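Novice: Sharing a structure here in structure tokens format.
Values in this text are rule-based calculations from the coordinates and carry no lab data. Just so you know, these numbers come straight off a predicted model, no measurement behind them. We place every Cβ from the backbone using ideal geometry, glycine too, and count neighbours over all the protein chains shown.
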Amino acid sequence: MEEQELEEDKIDRKPKRRLYLLVLLVIPIAIFLAVMVKLSDRYGQFDSYEVISHFDISKSSTLNYTEFNGGLVSYSQDGASYLDAEGVAVWNEAYDMQSPKVRMAGQRLLIYDTKGTTMKVLSPEKEEGEIQTNLPIVRADVAADGTVAAMMQEADTGYLNVYKANGTQIAQGQVHLSKSGYPMDLAISEDGKRLAVSMASVKKGVLSATINIYDFSEAGEGKRDNLVATFQYGDSLCPEIEFFSDGSLVAYSNHKIHLIDASSEPKEEETIRVKQEIKSVMTGEQTLGFITDNEDSTARYLHVYSQSGKEKYKKKLDIGYTQCRFLTDEEILITNKENLRVYNKLGGVRFSYDFTDGITAFLPTEGRQEYLLIYEDQCERIKIQ
């Protein structure tokens with residue numbers, strides 16, 4: 001009787017062992033396939049696409065486009081509108097601007113009038129506020145909470161104002177151009193706590209750049225005008241500055257890129273020296289890129305670095321370009337409206353396509369392998385393949 005029970009127990013265990021072995025075999029295969037799909041999605045090469053959906057848009061040569069919260073913002077001198085990812089109108093804002101510019105941070109969009117006096121702060125749902133200034137705006141930027149920094153100018157005096165989204169002024173300062181120099185750019189950190197200003201001046205016939213960093217958190221309390229750091233760069237200008245997502249700063253000049261940390265007492269962490277002249281620059285969340293010619297100007301190269309100054313890759317471009325920008329922190333767009341290349345984080349060509357009819361814009365979405373393709377009168381949501 002006992003022998004029979006032992007035999008039955010052995011028989012019962014065999015299917016369980018088979019199931020156990022099957023599970024051990026299936027799980028690694030499933031993990032492997034999932035990893036391969038993810039790698040293909042991130043590093044695969046695509047040269048065609050399918051149209052998932054499309055919708056009509058206003059045909060106008062004066063319209064500009066930008067991606068916002070996975071949807072599409074179109075803006076011109078007369079106003080701006082926002083369509084969600086399905087092409088449904090969310091808001092339409094009228095204004096009168098002669099030269100509208102756009103800045104974004106998180107869920108906030110800023111539209112301001114260069115040399116005008118109007119600024120609009122918008123979210124994906126609605127207008128957050130309108131700001132009217134007394135003097136013409138030279139530059140402006142927005143933080144993720146809607147805080148706006150604006151640089152204005154009157155005669156030989158520059159004015160730096162910081163506003164809440166509803167237009168309430170929360171900080172102000174003056175810059176005397178004859179002493180401090182001419183303002184070239186400003187940037188506000190994503191959290192709205194830091195403001196950086198790049199100035200240009202000529203001393204004894206030599207151009208030089210000055211970058212001031214102001215801190216409106218506890219780190220700047222007790223500091224005169226909240227100024228926590230000043231950087232001087234002789235024989236160069238820094239016409240463009242940007243904050244990374246962690247509050248560190250990048251400043252671009254013709255042959256150098258200065259990287260300044262986000263500590264309470266900012267200091268320069270690294271300087272990237274570039275032999276050829278820098279033609280174009282772009283800044284991501286934690287990455288920067290720039291384009292140079294080679295020595296005989298017969299080819300152009302894309303260079304990508306981490307925010308700490310480590311080179312990620314250098315890539316020879318096979319097309320001319322009218323636009324270069326980060327689509328995401330892992331993707332860079334190079335296009336001339338007819339030829340388009342998207343590079344991944346390793347420098348490989350993620351998507352390559354040549355259009356018979358020129359495109360107006362190519363924008364990222366929140367969908368996997370999906371983008372917005374903008375023509376003059378139509379928007380297509382596509383999936384690359």
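Novice: Once amide H atoms are placed 1.01 Å from N in the peptide plane, what residues at a sequence separation of 5 or more from GLU269, or on another chain, have their amide H within under 5 Å of its amide H?
Specialist: Placed amide hydrogens put LEU259, ILE260, ASP261 under 5 Å from GLU269.
Novice: Using the beta-carbon distance between ASP235 and ASP329 and R0 = 30 Å, what value does 1/(1 + (r/R0)^6) give for FRET efficiency, to the nearest 0.05?
Specialist: 0.40
Novice: Same structure again: Put +1 on the Cβ of each Lys and Arg and -1 on the Cβ of each Asp and Glu in the range 274-358; which of PHE290, LEU327, TYR313 then has its Cα farthest toward the positive end of the dipole?
Specialist: Farthest towards the positive pole: TYR313.
Novice: Using modelled amide H (1.01 Å from N, peptide plane; none on Pro or chain starts), what sits under 5 Å from the amide H of PHE68, excluding residues fewer than 5 places away?
Specialist: Residues meeting the amide H criterion: VAL73.
Novice: What does the charge count near GLN172 come to, summing +1 for each Lys or Arg and -1 for each Asp or Glu among other residues with Cβ under 14 Å from its Cβ?
Specialist: The answer is -1.
Novice: Hey, which aspartates and glutamates would be in cross-link range of LYS267, C-alpha to C-alpha under 15 Å, not counting anything within fewer than 8 residues on its own chain?
Specialist: ASP215, ASP246
Novice: Turning to a different aspect of this structure: Just to confirm a number: summing +1 for Lys and Arg and -1 for Asp and Glu over residues other than ASP357 whose beta-carbon lies under 15 angstrom from that of ASP357, what do you get?
Specialist: After counting each charged neighbour, the total is -3.
Novice: What ranking, highest mean first, results for peptides 288-294, 194-200 when packing means the other Cβ atoms within 10 Å averaged over each residue?
Specialist: By packing density, highest mean first, the sequence is 194-200, 288-294.
Novice: Using every pair of alpha-carbon atoms in the range 47-111, split the distances into 10 Å bins beginning at 0 and state the percent of pairs per bin, rounded to integers.
Specialist: Bins of 10 Å from zero give 19, 51, 24, 6, 0 percent of pairs.
Novice: Another question about this same structure. Work out from phi, with θ = phi - 60° and the Karplus expression 6.51 cos²θ - 1.76 cosθ + 1.60, the ³J(HN,Hα) of each residue of the range 263-275, listed in order in whole Hz, and give x for Gly and Pro.
Specialist: 6, 5, 10, x, 9, 6, 7, 7, 10, 8, 9, 10, 5
Novice: Now, a different point. Of the listed values [x] 5, 22, 28, 22, 14, 7, 2, 0; [y] 4, 15, 12, 11, 11, 11, 9, 10, 11, 6, 0, 0; [z] 4, 19, 27, 24, 12, 5, 3, 3, 2, 1, 0, identify the label whose number matches P(r) over Cα pairs in 10 Å bins from 0, in percent calculated from this model.
Specialist: Derived directly from the coordinates: [z].
Novice: What is the order of TYR321, TYR214, fewest Cβ neighbours within 10 Å to most?
Specialist: Lowest count first: TYR321, TYR214.
Novice: Rounded to the nearest 500 deg cm²/dmol, what is the calculated helix-only ellipticity per residue at 222 nm for the chain, with -39500 (n - 2.57) per DSSP H run of length n ≥ 4?
Specialist: One gets -4000 deg cm²/dmol as the mean residue ellipticity at 222 nm.
Novice: Can you run phi through the Karplus equation (6.51, -1.76, 1.60; θ = phi - 60°) for the range 287-296 and list ³J(HN,Hα) in whole Hz, with x for Gly and Pro?
Specialist: Using θ = phi - 60°, the values come out as 9, 10, x, 7, 10, 10, 8, 7, 4, 9 Hz.
Novice: Among SER217, SER248, what is the fewest-to-most ranking by other Cβ atoms within 10 Å?
Specialist: The most exposed by this proxy come first: SER217, SER248.
Novice: Lysines near LYS337 by alpha-carbon distance under 28 Å, same-chain residues fewer than 8 away left out - which ones?
Specialist: In chain and number order, the partners are LYS59, LYS101, LYS279, LYS312, LYS314, LYS315, LYS316, LYS345, LYS383.
Novice: How do 337-343, 169-175 rank on mean C-beta neighbours within 10 Å, highest first?
Specialist: The most tightly packed comes first, giving 337-343, 169-175.
Novice: What is the Cα coordinate range of the range 274-358 on the first, second and third principal axes, sorted by size from largest, in whole angstrom?
Specialist: Over the range 274-358, Cα extents along the principal axes are 40, 31, 17 Å.
Novice: So what does the Cα-only Debye profile of the range 135-251 read at q = 0.10, 0.15, 0.23 Å⁻¹, as log10 I(q)/I(0), no solvent term?
Specialist: Treating every Cα as an identical point scatterer, log10 I(q)/I(0) equals -0.27, -0.63, -1.44.
Novice: In the range 79-179, what trypsin sites (Lys or Arg not before Pro) fall in a loop by DSSP, with at most 14 other Cβ atoms inside 10 Å?
Specialist: Passing sites in the range 79-179 are LYS115, LYS126.
Novice: Let me ask something else about it. Taking the dipole about the Cα centre of the chain, with the C-beta of Lys and Arg at +1 and of Asp and Glu at -1, give me whichever of PRO124, GLY192, HIS255 is farthest to the positive side.
Specialist: Farthest along the dipole direction, towards plus: HIS255.
Novice: Going by Cα centres, the range 207-229 and the range 78-102 are how many Å apart?
Specialist: Measuring centre to centre over Cα atoms gives 35 Å.
Novice: Which peptide among 356-369, 46-59, 250-263 comes first, and what is the full order, when sorted by highest mean count of other Cβ atoms within 10 Å?
Specialist: Taking the mean over residues of other Cβ atoms within 10 Å, the ranking is 250-263, 356-369, 46-59.
Novice: Still on this structure: Any aspartates and glutamates with Cα under 19 Å of the LYS115 Cα? List them, leaving off those in the same chain fewer than 8 positions away.
Specialist: ASP78, ASP96, GLU130, ASP141, GLU154, ASP156, ASP185, GLU240
Novice: Using the Cα centre of the chain as the reference point, and only Cβ charges (+1 on K/R, -1 on D/E), how large is the resulting charge dipole? Debye, rounded to the nearest 20.
Specialist: It comes to approximately 1180 debye.
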